[in-house]
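The values are calculated or read from the model by the stated rules, or taken from the named source; none is laboratory data. What you see is a predicted model; the values in this text were computed from it and never measured. Every residue, glycine among them, receives a Cβ derived from its backbone with ideal geometry; neighbour counts consider all protein chains shown.
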Amino acid sequence: MDRDSDREVRHTAAQSLTELTGNPVYVLRACLTDPDQSKRHHLIFEALARHDDFGKLMGAINDLLGDPDSEVRCEMAYGLEQFTAAAKAAAPTLRLLLDDPSKDVQVAAAYALQSIERANEINGEK
């Protein structure tokens, strides 16, 4: 189903597998290969929103942050901005993206890193 030509079928399949297995890693991995940018973007947010143990997702998150497609890197970094716990775990990779060839990726990484700094200030952390 995740290779179906219909975007909605792929999206529904990814959602269903996440709900059935409780494992959003599948959804993040699907983002790496789906040709539809809007689906990749939506699935990144969906997968992060459904999972509270970001350690289990770090392989997929780092794969997305290192994807050859700058739009995927950018979408993942912007997604992490909304999920500070995941952004903290991905901070070393996000720092590398500050030197990305794509200015959009650099900006997205900077926003994600700023979200970590804001959260640390609120929580009294360094």
Requested in this report: Please verify whether the stretch 76-90 includes one or more residues that are in a helix (DSSP H, G or I), within 18 Å of ASN120 (Cβ to Cβ) and β-branched (Val, Ile, Thr).
Outcome: yes
Query raised in the report: Within the stretch 91-110, how many residues are surrounded by 16 or more Cβ atoms within 10 Å (Cβ to Cβ) and hydroxyl-bearing (Ser, Thr, Tyr)?
Result: 1
Requested in this report: Take the stretch 111-126 and flag every residue that is in contact with a helix residue (DSSP H, G or I) (Cβ under 9 Å, 6 or more places away or on another chain) and loosely packed, with under 13 Cβ neighbours inside 10 Å.
Outcome: GLN114, ARG118, GLU125, LYS126
Query - Long-range neighbours under 8 Å by Cβ, at least six apart or interchain, first residue farther than 17 Å from GLY66 by Cβ within the stretch 101-112, second at pLDDT 95 or above and surrounded by fewer than 16 Cβ atoms within 10 Å (Cβ to Cβ) - result: ALA110/LEU98
Query raised in the report: Any idea which of LEU20, LEU64, LEU57, LEU48 is in a helix (DSSP H, G or I), at pLDDT 70 or above and closer than 16 Å to LEU97 by Cβ?
Result: LEU64
Query raised in the report: Out of ARG73, ARG29, which single residue is surrounded by 17 or more Cβ atoms within 10 Å (Cβ to Cβ), modelled with pLDDT under 70 and in a helix (DSSP H, G or I)?
Result: ARG29
Report summary line: Checked against (1) within 11 Å of the chain's Cα centre (by Cα); (2) at pLDDT 85 or above, LEU98 satisfies every condition except (1)
